[in-house]
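Written out below as structure tokens is the structure these notes cover.
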Amino acid sequence: MATPHLASTFTSNKLTISRRVLFVARRSRVPAVQAKIREIFMPALSSTMTEGKIVSWIKSEGDRLSKGESVVVVESDKADMDVESFHDGILAAIVVPEGESAPVGSAIAFLAESEEEIAAAKAKAESQSTGASATASAGAEDGAVEAIAVETPAQAQVAVKEPEGPKKTIATPYAKKLAKQHKVDLNKVKGTGPNGRITPQDIESAAGIQPKKPSPVQSPPVQSSPVQSPKPSSSSLPPPVEGSTMVPFTTMQSAVSKNMVESLSVPAFRVGYPIVTDALDALYERVKPKGVTMTVLLAKAAAMALSQHPVVNASCKDGKSFSYNSNINIAVAVAMDGGLITPVLQDADKLDLYLLSQKWKELVRKTRAKQLSPNEYNSGTFTLSNLGMFGVDRFDAILPPGQGAIMAVGASKPTVIAGKDGFFSVKNKMLVNVTADHRIIYGADLAAFLQTFAKIVENPDSLTL
């Protein structure tokens, strides 16, 4: 009786051992097929950001990362922000070093899941950088790809297997859409974009579509037209002045330049209004020890006036319709070293003066440290620009894209004023100029708003309620 029992025990143990061996064998094959090498992309930190500059790498190659941990500091068109890792892993390779820029969506580093995949990740990073340089040489793409495959066959084999999953991310969204329309296999398309990214032109070329041919047909009329003749003169501009230095725009300066040029397409008009500020100056002296600035007083007064004139707080973005904004968010222009940014006091009409002042101090601190979040600088519905502290008595402000109006406030200065009784007196007066989008705001609307704003400033007791 004992023998069969031992035999059955031996048999079960044997089966168990064979199952374990089979399980180990399967596990040993999985990493070779499903190696997880993830790309860390350049994020879009704002709606206007097209590329980002690497300020500094918080982590170095070989460091182990946890999900949600900061990896790199990126300079957007508005602020410097920490970029976090979305996965656990090892920072295997850095593609874009500090001080260099990369387009939004391009790979700036590679993350390996384990140490065994670090070599493959580095090979992939090298292949991308080599592919980018080969694209710039215009014609050496095939040779560069073959060289990579010959030099590191073992690493190339891993790299070929791995992209089967995430290869869809190499193409731009529009390129993926075109690929579905024309039934083009993305795996067979060679990308000519940044870091080998597949562009819509690559898909059209693979599908046999030739969009470049119609353009030369249109170009002769452009060259023959007398209107376009001054354009070639831009290439024959006079040489720079001797001793001058060419300084490229920073990321922020490029964003400001783009926005200012875009604002020129909006039909804007300007209205000025003089306001006596004796009562406001007296209130300022009372609340100044509590940390309230003149900028906060003006922002609060503007918010209260906007609540009575919602059309001035409206915005038009497509030229076909406009929207009334339910929130009154006052964006305040702040000068920075090498740029300009507009931190936003959100719901300024609903906050009391002292809470609004605290929020403004926090926004200024974040602005100086370049730590503003996108919602803290791109959610404004009305902009305030104050140069009074510099002694400027009047100026016009350029309308920000997507907003209905911007207020320019000059300095308050003693002025001789004739009263209704015919007597002269000296009072402090400031001049306010408002630039508005004439598609949605008309002269009477702006005049009524300025009258309300002037009443609040000249009788400022309501600001402290």
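The values are calculated or read from the model by the stated rules, or taken from the named source; none is laboratory data. As the structure is a computational prediction, the values presented were derived from the model and not from experiment. Ideal geometry is used to build each Cβ from the backbone, glycine not excepted, and the neighbour counts take in all protein chains shown. Just so you know, the surface numbers come from the protein's heavy atoms only, side chains and all, with ligands and any DNA or RNA stripped out. Shrake-Rupley method; radii C 1.70, N 1.55, O 1.52, S 1.80 Å.
I want to confirm something. Restricting to the range 155-195 and keeping residues that are assigned to a loop (DSSP other than H, G, I, E, B) and closer than 22 Å to PRO103 by Cα, which single residue is modelled with the highest pLDDT? Talk me through it step by step, then tell me what you get.
Taking the range 155-195 as the starting set, the residues that turn out to be assigned to a loop (DSSP other than H, G, I, E, B) are 165, 172, 183-185, 189-193.
If we keep only those that are closer than 22 Å to PRO103 by Cα too, we end up with 172, 189-193.
Details: THR172: 71, VAL189: 82, LYS190: 79, GLY191: 79, THR192: 79, GLY193: 73.
Within the range 155-195, the match that is modelled with the highest pLDDT is VAL189.
Inside the range 58-89, can you point out the residues that are more than 21 Å from the chain's Cα centre (by Cα), small (Gly, Ala, Ser) and buried (at least 20 other Cβ atoms within 10 Å of the Cβ)?
The answer is GLY89, and nothing else.
Just name the residue that is surrounded by the most Cβ atoms within 10 Å (Cβ to Cβ) out of those in the range 253-269 that are hydroxyl-bearing (Ser, Thr, Tyr) and closer than 16 Å to HIS438 by Cβ.
The qualifying residue surrounded by the most Cβ atoms within 10 Å (Cβ to Cβ) is SER263.
Counting only residues that are aliphatic (A, V, I, L, M), at pLDDT 95 or above and under 28 Å from the mean Cα position of the chain (by Cα), give me the strands (runs of 3 or more DSSP E) lying completely in the range 279-348 with at least 1 of them.
On the way: elements: 330-332, 334-336, 339-341.
Qualifying strands (runs of 3 or more DSSP E): 330-332.
Sort out which residues of the range 66-95 are in a loop (DSSP other than H, G, I, E, B) and closer than 26 Å to GLU376 by Cβ, and write them in order of number. Before you say what the answer is, go through the steps one by one.
Of all residues in the range 66-95, those in a loop (DSSP other than H, G, I, E, B) come to 66-69, 76-79, 85-88, 95.
Matches in the range 66-95: LYS67, GLY68, GLU69, SER76, ASP77, LYS78, ALA79, SER85, PHE86.
Take LEU356 and decide whether it is among the hydrophobic types (A, V, I, L, M, F, W, C), surrounded by fewer than 20 Cβ atoms within 10 Å (Cβ to Cβ) and farther than 21 Å from PHE269 by Cβ.
Working: among the hydrophobic types (A, V, I, L, M, F, W, C): yes; surrounded by fewer than 20 Cβ atoms within 10 Å (Cβ to Cβ): no; farther than 21 Å from PHE269 by Cβ: yes.
Considered against the rule, which asks whether it is among the hydrophobic types (A, V, I, L, M, F, W, C), surrounded by fewer than 20 Cβ atoms within 10 Å (Cβ to Cβ) and farther than 21 Å from PHE269 by Cβ, LEU356 comes out as no.
Here is a yes/no grid of residues against (1) part of a loop (DSSP other than H, G, I, E, B); (2) modelled with pLDDT of 80 or more; (3) closer than 17 Å to LYS190 by Cβ; (4) open to solvent by 40 Å² or more (accessible area, probe 1.4 Å):
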site	(1), (2), (3), (4)
ILE108	no, yes, no, no
SER129	no, no, yes, yes
ALA132	no, no, yes, no
THR135	no, no, yes, no
GLU146	no, no, yes, yes
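Could you say which residue among VAL364, VAL416 is open to solvent by 20 Å² or more (accessible area, probe 1.4 Å), closer than 30 Å to SER323 by Cβ, β-branched (Val, Ile, Thr) and out of contact with any helix residue (DSSP H, G or I) (no Cβ under 8 Å at 6 or more places or on another chain)? Walk me through it before giving the result.
Numbers: VAL416 fails: closer than 30 Å to SER323 by Cβ.
Checking each option against the conditions leaves just VAL364.
Which condition does PRO239 not pass, out of (1) open to solvent by 40 Å² or more (accessible area, probe 1.4 Å); (2) assigned to a helix (DSSP H, G or I); (3) at pLDDT below 80, if it passes all the others?
(2)
Determine if the range 447-455 includes at least one residue that is surrounded by fewer than 15 Cβ atoms within 10 Å (Cβ to Cβ) and either under 17 Å from SER263 (Cα atoms) or in contact with a Pro (Cβ under 6 Å, 6 or more places away or on another chain) (or both).
No, there is no match, as no residue in the range 447-455 is surrounded by fewer than 15 Cβ atoms within 10 Å (Cβ to Cβ) and either under 17 Å from SER263 (Cα atoms) or in contact with a Pro (Cβ under 6 Å, 6 or more places away or on another chain) (or both).
When you go through ASN433, ASN428, ASN375 one by one, which is the residue that is open to solvent by 40 Å² or more (accessible area, probe 1.4 Å), of a type outside the set (Ser, Thr, Tyr) and assigned to a strand (DSSP E or B)? Spell out the reasoning first.
Values: ASN433 fails: open to solvent by 40 Å² or more (accessible area, probe 1.4 Å); ASN375 fails: assigned to a strand (DSSP E or B).
Every option except ASN428 fails the conditions.
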